[in-house]
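Colleague: Take a look at the following structure, please.
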Amino acid sequence: MSAHVFLKVMKKNFNIDSTDKAIIDQLQHDPSITHSKIAEILGLSQPAIGARIKKLAERGLIATQIGVNFQQIPELNLIRVNLKTTRPEDIMELCEYCPFVINAIKSTGDYNMTLFMASRNLKHLDAVMDRHFRNKPYVFRIQMDLVTSMASPIIFPLNLTVESLVNTDDPCKGNPVCAADRKRAGVRSPEELNLM
């Protein structure tokens with residue numbers, strides 16, 4: 001697809017022009033670039049760039065996420081979990097408050113859920129899998145893979161305090177972060193979800 005055709009598609013689908021695209025390109029290349037520097041590069045005023053960035057953010061076309069760069073911290077284990085379940089909404093609910101689950105994705109296909117989890121200790125992740133997922137009668141298959149490398153940086157938010165608070169055998173037992181997150185989210189405990 002040529003750049004001209006791409007811009008026409010972007011303008012039609014997202015209502016962005018070549019200036020918006022140039023701003024997005026600059027921010028993707030260097031997320032810490034200032035509005036003034038983008039204005040200088042594009043030959044526009046800083047307030048005009050600021051207004052466009054604000055509109056792009058409000059529309060969800062750009063966003064900032066603070067997190068851990070897993071390429072730069074090899075002592076953190078990042079795992080991808082694929083699972084098949086008849087109750088993906090319940091799995092999503094569990095994932096909302098588990099501090100070891102970074103993200104959960106519902107999808108089509110044989111495995112209809114993908115989770116990303118992280119910890120310095122693989123035994124913690126295995127124990128979390130036992131407590132939250134393997135014991136559920138509505139989870140039929142689980143595939144766990146350790147991510148060993150990535151082509152581009154992956155930035156994920158990560159609760160760095162949770163592991164200092166956990167029991168070494170069962171990272172979920174009495175975990176104040178897990179309980180506080182669950183209460184704040186207003187979701188049921190793993191045990192309550194298992195009874196249904």
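None of the figures in this text is laboratory data; all of them are computed from the coordinates on show. Since this is a predicted model, take the numbers as computed values, not measurements. Don't worry about glycine lacking a Cβ; one is built from the backbone with ideal geometry, like all the others, and counts go over all protein chains shown.
Colleague: Sorted by average packing, counted as other Cβ atoms within 10 angstrom per residue and highest first, what order do 94-106, 132-144, 26-38 take?
Modeller: The packing order, highest mean first, is 94-106, 132-144, 26-38.
Colleague: Would you mind computing, in nm to one decimal, how far apart the modelled labels at Asp25 and Arg141 are, each placed 7 Å from Cα along Cα→Cβ?
Modeller: About 4.3 nm separates the two model spin labels.
Colleague: Would you mind checking Lys55/Lys136; Lys54/Lys106; Lys55/Lys84; Lys54/Lys84 for any pair whose Cα atoms are more than 32 angstrom apart?
Modeller: From the list (Lys55/Lys136; Lys54/Lys106; Lys55/Lys84; Lys54/Lys84), the Cα-Cα distance tops 32 Å for Lys55/Lys136; Lys55/Lys84; Lys54/Lys84.
Colleague: Then there is this: Show me, bin by bin at 5 Å from 0, the whole-percent P(r) of the range 1-135 based on Cα pairs.
Modeller: Distribution as computed: 2, 8, 14, 13, 11, 11, 12, 12, 9, 5, 2, 0 percent.
Colleague: May I pose another question? How far, in nm, would the chain grow between Tyr111 and Glu40 when pulled straight, counting 0.36 nm per residue and subtracting the alpha carbon separation?
Modeller: Extra length available between Tyr111 and Glu40 comes to 20.8 nm.
Colleague: Would you grab the residues whose amide H sits under 5 Å from the one on Ile16? Only those 5+ places off in sequence or on another chain, please, with H modelled 1.01 Å from N.
Modeller: Lys11
Colleague: Name the long-range amide H neighbours of Phe156: under 5 Å, sequence gap of 5 or more, or other chain; modelled H, no Pro or chain starts.
Modeller: Val68, Phe70
Colleague: Could you order peptides 119-130, 44-55 by the average number of other Cβ atoms within 10 Å of their residues, highest first?
Modeller: Sorting 119-130, 44-55 by mean packing, highest first, produces 119-130, 44-55.
Colleague: Quick check on the range 44-88: take the gyration tensor over C-alpha atoms, sort the square-rooted eigenvalues as a ≥ b ≥ c, and tell me if it's rounded (a/c under 1.5), prolate or oblate.
Modeller: Here the range 44-88 falls in the oblate category.
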